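Bear in mind that the values in this text are calculations on the coordinates, not laboratory data. Not measured: the values here are computed from a predicted model. In this analysis, Cβ positions are derived from the backbone assuming ideal geometry, glycine residues included, and neighbour counts consider all displayed protein chains.
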Amino acid sequence: MRILVESCFSLTAKTIKKDLLRAREQRKNVDGFINIDFGQVKTVADYCIEYGAETDFLILRYGMEEQRFKIADSELYFGTRSWFICNCERRVAKLYLPPQTTKFKCRHCHKLTYELNTFNRKSSHGLAFYRTNRMIKMMNNREKMKSYLYNGKPTLRFNRWLKLSALAGYENNIDDAKKLFSAINNYN
Ligand SMILES: [Zn+2]
């Protein structure tokens, strides 16, 4: 089965940037937690930094799972950048956690599929795949939407969501929205 990059939670070095900086300074007790958001399902992982003779490690604890990742640094013109070393020894900027799984891995190890632009949307398989992806994005957005309306008018975010709905072939959402707006306008 294909797992889309978009459906996964991703941990980037940026997310824990401050603590990676503290780790470079070899500070004591560097730890924290990461909010993992899958839309309806929200969980938390916690982490700490362990110092080794040659490399430092990020210890990630998620549920019953404990994982260790080497941390690598590279010197850049404008500062230092941190990377994670996946168990496959790849140096990566992101570690992914697919929904309903417990292991963080790089996108190669999880065999994740990237954006769908490479798919031929004219083939039925390609179209179905494209729509699935749009739908995942759409559902995530809908979860995050705090409000659809402001002063009786659709918010920008809601308009964007409707556009995504149309792209994904979900005309029902648009019909529902139209009914909603006409109901509101009649009420006013
Ligand atoms: Zn890997």
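Applying 1/(1 + (r/R0)^6) with R0 = 25 Å to the Cβ-Cβ distance of ALA166 and SER123, what FRET efficiency is obtained, to the nearest 0.05?
0.75
Going down the table (LYS17/LYS42; LYS105/LYS178; LYS18/LYS103; LYS14/LYS178), which pairs top 31 Å between alpha carbons? Mind dumping the intermediate values first?
Working: LYS17/LYS42 22 Å; LYS105/LYS178 43 Å; LYS18/LYS103 23 Å; LYS14/LYS178 40 Å.
The answer is LYS105/LYS178; LYS14/LYS178.
Can I get the semi-axes of segment 1-130's equivalent ellipsoid? Compute them from the C-alpha gyration tensor as square roots of 5 times the eigenvalues, in angstrom, largest first. Walk me through the numbers on the way to the answer.
Numbers: eigenvalues 188, 59, 31 Å².
Equivalent-ellipsoid dimensions as semi-axes: 31, 17, 12 Å.
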Relative exposure of SER123, SER10, SER165, judged by other C-beta atoms within 10 Å (fewest first): SER123, SER10, SER165
Karplus 3J(HN,Hα) series, Hz, for segment 48-64 with 6.51 cos²θ - 1.76 cosθ + 1.60 (x for Gly, Pro): 8, 9, 10, 8, x, 5, 9, 10, 9, 10, 9, 9, 9, 10, 9, x, 8
PHE9 long-range amide H proximity, modeled H, under 5 Å: LEU97
